[in-house]
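Participant: I have a structure I would like to understand better, so I am pasting it below and will then ask my questions one at a time.
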Amino acid sequence: MQRLKAGFDPFNQLNPGKIATPADSGAELLKIDEVPTRGQQDRLIPLAARDEYSQAMFCNGNGACYNYDPKDAMCPSWKVTRERKHSPKGRSSLVREWLKQLAEHNTDPVAEYHKVRASNFLFTLPGRLLNTLSLKRGQYDFNHEVYEAMQGCLSCKSCVAQCPIKVNVPDFRARFLELYYGRYMRPVKDYLLAGLEPLLPALAKWPGLYNALTQRPAMRAATAKLLGLIDNPAMSPESLAGQLEAQAVELATVSGIARLNQADRVRSVILVQDAFTSHFEVQLVLDVIELLQRLGFNVLLAPFMPNGKPLHVHGFMKGFEKPLIGTRKC
Ligand code: SF4
């Protein structure tokens, strides 16, 4: 091994500190049971915290997320920034370090998360305000380094599909944000975005009014400056429900599906609605339905239900985990 190492890495630049050192370089050959391992570091994190953040613990550092292929979906935030902290591997490493530092300060993230969920928004407001002010005045907090890395994540879930270990950054990102915002103030836009999904069916009754209020240049400039929301899309002028009648599409109901015979079942497709496509890109939904119908499928449309993704993305885990109640006609 040392002769091979000398052949390919004579100056001991690749993975220094691992067992093999270049032959004749004078560098010390480590004993196999003296090499520091990641496992030793990970074991400093209590078991319950490791379980809670298992998605970050599972990352084995294979580096498949350092992907340079522009046609590959794996991690757009890494591709754009080329910064390791903006890759799934970088984010997993930061979260493991964060958990280790919490353990060193005798802080249990699982107990903290119960505390955050049970806490009263108004009672915790002064503490969060003070912490945010201290942060703005330059007080160092490792939490914020992890936060910056998490803010670059698009929650696109490419890592969940493409990583060989299926490291799920959006999962531990949401858990982290929940605790982070138990300590610091949240941006107002988080509340707006999280609340928008269940409100969309009601807002869609007056698309003209919604667009008049949100699309005027003055309003767009104000939301960009005050809330950091840019390029807010306009709502589709026609409702999906009204358009579907023309395309003879039925809603996918339990009784309706039960009535289908075997032949109809085989050629049926149930389209699951997404809040933003159904309200902001109605034509796209109609085009997909038309394409499927032309291909010979019987299209059924699942009734609209908020799926809670905006809540999850912004770390409103308490709201996200509430059972979804009520469905809407379309
Ligand atoms: S979810 Fe985040 S970490 Fe995962 S691939 Fe997308 S941008 Fe990268």
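The values are calculated or read from the model by the stated rules, or taken from the named source; none is laboratory data. Nothing here was measured: the structure is a model prediction, and the numbers come from that model. Cβ sites come from the backbone with ideal geometry, for glycine too, and all protein chains shown count toward neighbours. Each accessible area value is taken on the protein alone, full model and side chains, heavy atoms only, with ligands, DNA and RNA left out. Shrake-Rupley method; radii C 1.70, N 1.55, O 1.52, S 1.80 Å.
Participant: Helices from the chain with mean Kyte-Doolittle at least -0.5 and a Cα length along the axis of 15 Å or more, per DSSP H: which?
Facilitator: Details: long enough: 88-104 (24 Å, -0.85); 121-136 (21 Å, 0.77); 169-183 (21 Å, -0.39); 188-203 (21 Å, 0.92); 282-294 (18 Å, 1.06).
Sorted by number, the helices that extend far enough and score high enough are 121-136, 169-183, 188-203, 282-294.
Participant: With the Cα gyration tensor of region 1-124 giving a ≥ b ≥ c as the square roots of its eigenvalues, does the rule (a/c under 1.5 for rounded; else a/b larger than b/c for prolate; else oblate) give rounded, prolate or oblate?
Facilitator: On the way: a/c = 3.53, a/b = 1.64, b/c = 2.15.
Oblate is the answer for region 1-124, as a/c is 1.5 or above yet b/c matches or exceeds a/b.
Participant: To continue, here is another question. Which of the three applies to region 150-203, rounded, prolate or oblate, going by the alpha-carbon gyration tensor with a ≥ b ≥ c and a/c under 1.5 meaning rounded? Don't jump to the answer; show the numbers that get you there.
Facilitator: Working: a/c = 3.08, a/b = 1.43, b/c = 2.16.
Because a/c hits 1.5 or more and a/b fails to exceed b/c, region 150-203 counts as oblate.
Participant: Over all directions, what mean area does the Cα convex hull of region 38-186 project, stated in square nanometres? All intermediate terms of the calculation are to be shown ahead of the outcome.
Facilitator: Numbers: hull surface 36.8 nm².
The number I arrive at for region 38-186 is 9.2 nm².
Participant: Which aspartates and glutamates, if any, have their Cα less than 16 Å from the Cα of Lys89, not counting same-chain residues under 8 positions apart?
Facilitator: Asp42, Glu97, Glu145, Glu148, Asp171
Participant: Structure shown: which of Lys157/Lys189; Lys115/Lys318; Lys189/Lys225; Lys115/Lys189 lie over 18 Å apart, alpha-carbon to alpha-carbon?
Facilitator: Values: Lys157/Lys189 22 Å; Lys115/Lys318 12 Å; Lys189/Lys225 11 Å; Lys115/Lys189 24 Å.
The pairs that break the limit, which is 18 Å between Cα atoms, are Lys157/Lys189; Lys115/Lys189.
Participant: Nearest 500 deg cm²/dmol is fine: what mean residue ellipticity at 222 nm does the chain get from its DSSP H runs of n ≥ 4 alone, each adding -39,500 (n - 2.57), divided by its residue count?
Facilitator: Working: 21 runs with 179 residues, N = 330.
About -15000 deg cm²/dmol.
Participant: Still on this structure, please answer the following. Taking the chain as a Gaussian network, where each spring joins two C-alpha atoms under 10 Å apart, which residue of Gly296, Gly138, Gly26 fluctuates the most?
Facilitator: Comparing Gly296, Gly138, Gly26 in a Gaussian network model of the chain, the most mobile one is Gly26.
Participant: Let me ask something additional. Amide H of Leu271 versus every other amide H placed in the peptide plane: which residues, excluding those fewer than 5 positions away on the same chain, fall under 5 Å?
Facilitator: Leu300, Leu301, Ala302
Participant: Next up: Summarise the accessible area of the chain (1.4 Å probe, protein heavy atoms) by the percent that is carbon and sulfur.
Facilitator: On the way: 11820 of 19940 Å².
Exposed carbon and sulfur together represent 59 percent of the surface.
Participant: Given contacts defined as C-alpha pairs under 8 Å and at least six residues apart, what's the relative contact order of the chain, whole-number percent? Numbers along the way, then the final one.
Facilitator: Details: 354 pairs, mean separation 46.3, N = 330.
Dividing the mean separation by the residue count of the chain yields 14 percent.
Participant: Enter the accessible area per residue of region 190-330 (Å², integer; probe 1.4 Å; all protein chains in place).
Facilitator: Numbers: 8700 Å² over 141 residues.
About 62 Å² of surface per residue is accessible.
Participant: Mean-square fluctuation check for the chain, GNM, Cα pairs under 10 Å: which of Ser25, Ser119, Ser268 is largest?
Facilitator: Answer for the Gaussian network model of the chain: Ser25.
Participant: Of all alpha-carbon pairs in the chain, indicate the percentage at a distance above 38 angstrom.
Facilitator: On the way: 18183 of 54285 pairs.
Tail fraction, whole percent: 33.
Participant: How would you rank 223-230, 16-23, 83-90, 277-284, highest first, on the average number of other Cβ atoms within 10 Å across their residues?
Facilitator: Values: 223-230: 12.8, 16-23: 14.9, 83-90: 21.0, 277-284: 17.6.
Those peptides, ordered most packed to least, come out 83-90, 277-284, 16-23, 223-230.
Participant: Arrange the peptides 28-37, 312-321, 187-196, 103-112 so that the one whose residues have, on average, the most other Cβ atoms within 10 Å appears first.
Facilitator: Details: 28-37: 9.3, 312-321: 18.6, 187-196: 14.9, 103-112: 12.7.
Descending mean neighbour count gives 312-321, 187-196, 103-112, 28-37.
Participant: Between region 159-174 and region 65-92, what is the separation of their alpha carbon centroids in Å?
Facilitator: 12
Participant: Considering only Arg137, Arg43, Arg82, give the residue with the highest GNM mean-square fluctuation for the chain, with springs between Cα atoms whenever their separation is below 10 Å.
Facilitator: Result: Arg137 has the largest fluctuation of those listed.
Participant: Follow-up. What is the sum of charges around Thr124, taking Lys and Arg as +1, Asp and Glu as -1, for the other residues whose C-beta is under 14 Å from the C-beta of Thr124? Mind dumping the intermediate values first?
Facilitator: On the way: positive: Lys115, Arg117, Arg128, Arg183, Arg186, Lys318; negative: Glu112, Glu178.
Net of charged neighbours comes to +4.
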